[in-house]
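Right, one structure below, let's go through it.
The values are calculated or read from the model by the stated rules, or taken from the named source; none is laboratory data. Remember, it's a predicted structure, so these values are computed and weren't measured experimentally. Quick reminder, even Gly has a Cβ in these numbers, built from the backbone with ideal geometry, and neighbours come from all protein chains shown.
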Amino acid sequence: MRIQPREELLNLWRSVVKVSLDGDKWQWGGRYERNSISDAEQLLCIIYPATVLPYFRLDQPDETADDILEVLRPLGDELDIPQRLIELLIEHIEYYTDSDGPSFSGGSYFKGAKDGTEPTPKQMRVDVVDSYSMAVSLMLSTLSLVRGFGNTLMNPEVERRLRHLERIANVRLTAALVGLLRSFVINVFTPDSDEGRALLGTVNRTNRSNRQVAEELRSSLQEIRASLGDVTFGFRQQRAAELIENRNRLFEIGWTWGIAEDAPEVEIAPSVTNQRTGVAESAPFLYFTVNALDGIADLFSGRTTVLGLLNEEQQRLAGALKLRWELTQRYWGTIATFGDSRRWPLEDLPWRTTDDRESDHFSLLIISLVLQDQEVRGTSTMELPRLGEILMKLGERGRVTSRATRDDAAVGYHTPGTEIQLGGSGGDGPDLIWRLNDFSPLLLKNVLRLAKLSRDADLREDLVQAADEIWDHIFRRRIQHSVHAGLWDDAANVFEGLDKHNDRPSWYYTERIVECIVMAINLIRDPLPRSSSIHAYARGILSETDNLFDLELLEANVVDRGALRAQLEEARLNLNHAHEIASLRPATAVGIAMEILRMLEKVGVARQNAAEGTG
């Protein structure tokens, strides 16, 4: 792997600290004015890897590596660094808490749908799913930092601040979980509606009648349909009841962009006393669904479970979210691979949504959902190469792994980005849009995720090479010519048709690069899949080594206690070790065997020369 994740992450940390510190004061915001999402993304660039990767931990001062201390030196020494992060987290949480409780507003990430229009102040305060998801990840990382650093001896004032952070982080985490529950939606429609015709057109790849396809689709989704009756809390159950009672209806599930317009309050969260009224259209959006699932996944990670980060109230909320998490992944996994196994709907690029929009960006989002479903339910080895081929095509179509032509429409995926109309957002001002410009990191993330899923050595190697090629594209998009150098994103570095360079960091983009680096590290840590050819080769080499070693023992003088006997004893131990590791690390076993073979050859030549000299 050409990505050197430790070096890249440390370089990124160095740039984050350099950009964010003005003297001793932390500077919030980057390309956009600060908001609850970008501030969380800025903090996650450091805190996420520091709490999920053992190599980068900051909560155990005695164990902090020297290269990490050197990079983070502007924040202080090994004791100062976690204390400084604690204060930044407290500042972040308190800034986004008002008289109504925690705020999860989209702020400067909201844009007017029409040129010249700007969101009103009231619109900018509307909560958004991205903020809920980022808050879940950040608050879990915060609680992990608190648990780790809490075992360190400290003065009473630091202990008091740590306990204060733990309390307010739990309040924000609980509120974020409630927000995610109230943003989950079911969109129910008839087969002959606009949504129904669009969905059937997407999944019908064999030109059969819509009636026949609709019946087969309903059958494939029957188990999911029945399970939706168990979805409770923060959700208008009338929709699920309508769907279950009328089997002719079609549906789609997932997360809308904010609290759904018809979402009731969540009764199992008594600590969240002020639950805001929702305005978001009760229809799922692929982008917000993927982000919601990513945040929810952190609730069930090994870190969360082992450290016991969730309190009793949060565990109840997480249980309700887990059902939605599982059903949503299964639903989109079924839709994407529905019908004739020879050609999936997902393979017919670009993906078309039920509001009749098409985009390769949507195809990448669907693949994210499919891969999450495969991680949970297991996968067929036959399906993974197909997913790899789709990702390679999307890399070319998105001009990540191929050259952009003059006035290439695909450049729009990167800047200004794919636009999403936020239905229901125009009640207090202009209609709003959300821009997605994470095409490249999303592509890399999917390739790395697929490589980790693969148990085929050749496929994994192909995917690693593809990841390196995507990384080359992303690496060149770093800001280069300003004080913000080393962060992302300046698309003009790779697309010649763009005249304007961006010299301020996008925390939205940079945080997603951090996620990719963490995934690359986890891929490196993952045992390589078994390769039948190299295992057969290793067995052959070890077999020959065993035979030649046994022959040498026949020649050796058993009472000799000289250098040769010592060499043979060491070789015996090494050969036994090679056999022990051959099944897991065949190439290493071959390397050990080669050293033994070279030693045996030298001994044999020396004996032959000695015999000829004697003769």
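Restricted to segment 23-82, and to residues there that are assigned to a loop (DSSP other than H, G, I, E, B) and among the aromatic types (Phe, Trp, Tyr), the residue that is modelled with the highest pLDDT is Trp28. In segment 195-223, the residues that are more than 14 Å from Pro345 (Cα to Cα) reach residues that are assigned to a helix (DSSP H, G or I) and among the β-branched types (Val, Ile, Thr) with C-beta atoms within less than 7 angstrom, at least six apart or across chains, in these pairs: Ser220/Thr334; Leu221/Thr334.
Restricting Leu200, Leu145, Leu221 to residues that are assigned by TED's automatic domain parsing to the domain that holds Ile47 and either more than 30 Å from Thr334 (Cα to Cα) or modelled with pLDDT of 90 or more (or both) narrows the list to Leu145. Somewhere in segment 424-442, is a residue surrounded by 20 or more Cβ atoms within 10 Å (Cβ to Cβ), under 20 Å from Ile390 (Cα atoms) and out of contact with any His (no Cβ under 9 Å at 6 or more places or on another chain)? Among the residues of segment 424-442, at least one is surrounded by 20 or more Cβ atoms within 10 Å (Cβ to Cβ), under 20 Å from Ile390 (Cα atoms) and out of contact with any His (no Cβ under 9 Å at 6 or more places or on another chain), which makes the answer yes.
Residues that are within 14 Å of Gly417 (Cβ to Cβ) and touching a Gly at 6+ places or on another chain (Cβ under 8 Å) within segment 483-513 comprise just one, Ser506. Regarding segment 114-131, can at least one residue be identified that is hydroxyl-bearing (Ser, Thr, Tyr), under 19 Å from the mean Cα position of the chain (by Cα) and either buried (at least 18 other Cβ atoms within 10 Å of the Cβ) or not assigned by TED's automatic domain parsing to the domain that holds Asn437 (or both)? Yes: segment 114-131 contains one or more residues that are hydroxyl-bearing (Ser, Thr, Tyr), under 19 Å from the mean Cα position of the chain (by Cα) and either buried (at least 18 other Cβ atoms within 10 Å of the Cβ) or not assigned by TED's automatic domain parsing to the domain that holds Asn437 (or both).
Of all the criteria given as (1) touching a helix residue (DSSP H, G or I) at 6+ places or on another chain (Cβ under 6 Å); (2) farther than 24 Å from Ile37 by Cα, the one not satisfied by Asp456 is (1). Taking each residue of segment 585-608 that is among the β-branched types (Val, Ile, Thr) and looking for partners that are surrounded by fewer than 13 Cβ atoms within 10 Å (Cβ to Cβ) and in a helix (DSSP H, G or I) with beta-carbon atoms closer than 9 Å, six or more apart or interchain, yields Val603/Glu555.
Checked against the criteria, Asp407 counts as of a type outside the set (Lys, Arg), farther than 13 Å from Glu347 by Cβ and assigned to a loop (DSSP other than H, G, I, E, B).
Taking segment 286-317 as the range and being more than 22 Å from Ala40 (Cα to Cα) and touching a strand residue (DSSP E or B) at 6+ places or on another chain (Cβ under 9 Å) as the test, no residue passes. In summary, Ser359 fulfils each of the numbered conditions (1) buried (at least 18 other Cβ atoms within 10 Å of the Cβ); (2) in contact with an Asp or Glu (Cβ under 9 Å, 6 or more places away or on another chain); (3) modelled with pLDDT of 90 or more; (4) of a type in the set (Ser, Thr, Tyr) with the single exception of condition (2).
Taking first residues from segment 400-424 that are over 22 Å from Asn446 (Cβ atoms) and β-branched (Val, Ile, Thr) and partners that are surrounded by 15 or more Cβ atoms within 10 Å (Cβ to Cβ) and modelled with pLDDT of 95 or more, no Cβ contact under 6 Å between residues at least 6 apart in sequence or on separate chains turns up.
Among residues belonging to segment 166-210 that are among the small types (Gly, Ala, Ser) and more than 29 Å from Ile86 (Cβ to Cβ), point out the one that is nearest to the chain's Cα centre (by Cα).
Kept after step one, since they are among the small types (Gly, Ala, Ser), are these residues of segment 166-210: 169, 175-176, 179, 183, 193, 196, 198, 201, 209.
Next cut, more than 29 Å from Ile86 (Cβ to Cβ) only: 183, 193, 196, 198, 201, 209.
On the way: Ser183: 21, Ser193: 35, Gly196: 31, Ala198: 29, Gly201: 30, Ser209: 39 Å.
Of everything passing the filter in segment 166-210, Ser183 is nearest to the chain's Cα centre (by Cα).
Listed here are the helices (runs of 4 or more DSSP H) enclosed by segment 226-315 that have at least 1 residues being without any contact (Cβ under 8 Å) to a residue 40 or more places away in the chain: 237-245, 302-307. Determine whether segment 177-186 contains at least one residue that is in contact (Cβ under 8 Å) with a residue 24 or more places away in the chain and surrounded by fewer than 21 Cβ atoms within 10 Å (Cβ to Cβ). No.
Pairs meeting the criteria (first residue in segment 322-348 and in the same structural domain as Gly378 (by TED's automatic domain parsing) and surrounded by fewer than 18 Cβ atoms within 10 Å (Cβ to Cβ), second residue in a helix (DSSP H, G or I) and basic (Lys, Arg), beta carbons under 8 Å, at least 6 apart or on different chains) are Glu347/Arg386.
Conditions tested, residue by residue: (1) modelled with pLDDT under 95; (2) hydrophobic (A, V, I, L, M, F, W, C).
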residue: Glu383; (1), (2): yes, no
residue: Lys393; (1), (2): no, no
residue: Gly429; (1), (2): yes, no
residue: Ile433; (1), (2): no, yes
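Are any of the residues in segment 24-36 crowded, with 21+ Cβ neighbours inside 10 Å, of a type in the set (S, T, N, Q), over 30 Å from Arg476 (Cβ atoms) and within 25 Å of the chain's Cα centre (by Cα)? There is at least one residue in segment 24-36 that is crowded, with 21+ Cβ neighbours inside 10 Å, of a type in the set (S, T, N, Q), over 30 Å from Arg476 (Cβ atoms) and within 25 Å of the chain's Cα centre (by Cα). Looking across segment 1-22, not a single residue is touching a Gly at 6+ places or on another chain (Cβ under 7 Å) and part of a loop (DSSP other than H, G, I, E, B).
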